[in-house]
Amino acid sequence: NEILCIMGSSGCGKSTLLSLINGFLTENGGEYTGDVILNGKNIRSMKPLQLRRSISTLFQDSKPFPLSIENNILYPIEFYEGKVKNRKERISNYLKDVNLYNEVKDDFKMSALKLSGGQKQRLCIARMLTTDPDILIFDEPCSSLDMENTLIIEKLIKRLSEKYTVILTTHNEEQAKRIADRTILIGK
């Protein structure tokens, strides 16, 4: 339940470190030494689907699926759980969690691609929450947002850290000062 901010120059390995933590590095043929322990278990011993549910990642270039707002939320739930009960309530709750509900409540069927940049980012964050993860990983979550939306996302991440452990990368030292509980600086 804290925000760990990883900083460093481009190419220093921030995104690679995130890929190591969430298991994508080894899944894509990469190797590392040492251990990553999650809730007392080495992630190497976890099944990929179990790891994906426990550690939810929003990549720097993440975008909503080219589906409706509701299907962006339902897709991962159906993937992990099958048939979704209380669909509208669950969609509403996830959208409320990211302060997007009031902006889209009248048209869940609207294409997610019609949302503004900040709304798309919040929808992607809502989609992250559907797996009920322990850890949220954000790779440069505000890199393509204006200052107004950056502050909205930062406030949201701070609020989410009350329930989740958050790991994020940023180039923005001011952002790290505003939201991080701890900061790690990686050098080349």
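For the reader, a short list of remarks on this structure follows.
- Rule-of-thumb Rg ratio for segment 24-73 [Cα; 2.2 N^0.38 Å; N residues]: 1.46
- Pairs with C-alpha atoms separated by more than 18 Å, drawn from the list LYS96/LYS177; LYS63/LYS114; LYS88/LYS109; LYS155/LYS177; LYS109/LYS158, are LYS96/LYS177; LYS109/LYS158.
- Over segment 1-84, equivalent-ellipsoid semi-axes from the Cα gyration tensor in Å: 26, 18, 12
- Area of THR131 that stays accessible when all protein chains are in place (1.4 Å probe, Å², to 10): 10
- The Rg/Rh ratio for segment 1-46 is 0.99, where Rg is the radius of gyration of the alpha carbons and Rh is the Kirkwood radius.
- Radius of gyration (Cα atoms) of segment 71-188, expressed as a multiple of 2.2 N^0.38 Å: 1.12.
- Accessible surface calculations at 1.4 Å, restricted to protein heavy atoms, place the chain at 54 Å² per residue.
- Computed over the chain, relative contact order equals 41 percent, with contacts defined as Cα pairs under 8 Å that lie 6+ residues apart.
- Unit Cα scatterers, Debye sum, segment 1-148: log10 I(q)/I(0) for q = 0.14 Å⁻¹: -0.75
- Spacing of the two label points (7 Å from each Cα toward its C-beta) at VAL84 and SER144, in nm: 2.3
- Only protein atoms count toward the accessible area here, which uses a 1.4 Å probe; on segment 59-188, the carbon and sulfur part of that area reaches 48 percent.
- Dividing the alpha-carbon radius of gyration of segment 93-159 by the rule-of-thumb value 2.2 N^0.38 Å gives 1.07.
- Cα-centre dipole for segment 40-188 with unit charges at Cβ (Lys and Arg positive, Asp and Glu negative), debye to 20: 560
- Extension gain for the segment TYR32 to CYS12, taken as residue separation times 0.36 nm less the Cα-Cα distance, is 5.6 nm to one decimal.
- Length-normalised contact order of segment 1-102 in % [C-alpha pairs under 8 Å, at least 6 apart]: 13
- For q = 0.29 Å⁻¹, Debye-computed log10 I/I(0) when each Cα of segment 129-188 counts as one equal scatterer: -1.44
- GLU103 accessible area, assembled protein chains, probe 1.4 Å, Å²: 100
The values are calculated or read from the model by the stated rules, or taken from the named source; none is laboratory data. Bear in mind the structure is a predicted one, so any value in this text is a computation, not a measurement. Don't worry about glycine lacking a Cβ; one is built from the backbone with ideal geometry, like all the others, and counts go over all protein chains shown. These accessible areas exclude ligands, DNA and RNA; they are computed on the full protein's heavy atoms, side chains included. Shrake-Rupley method; radii C 1.70, N 1.55, O 1.52, S 1.80 Å.
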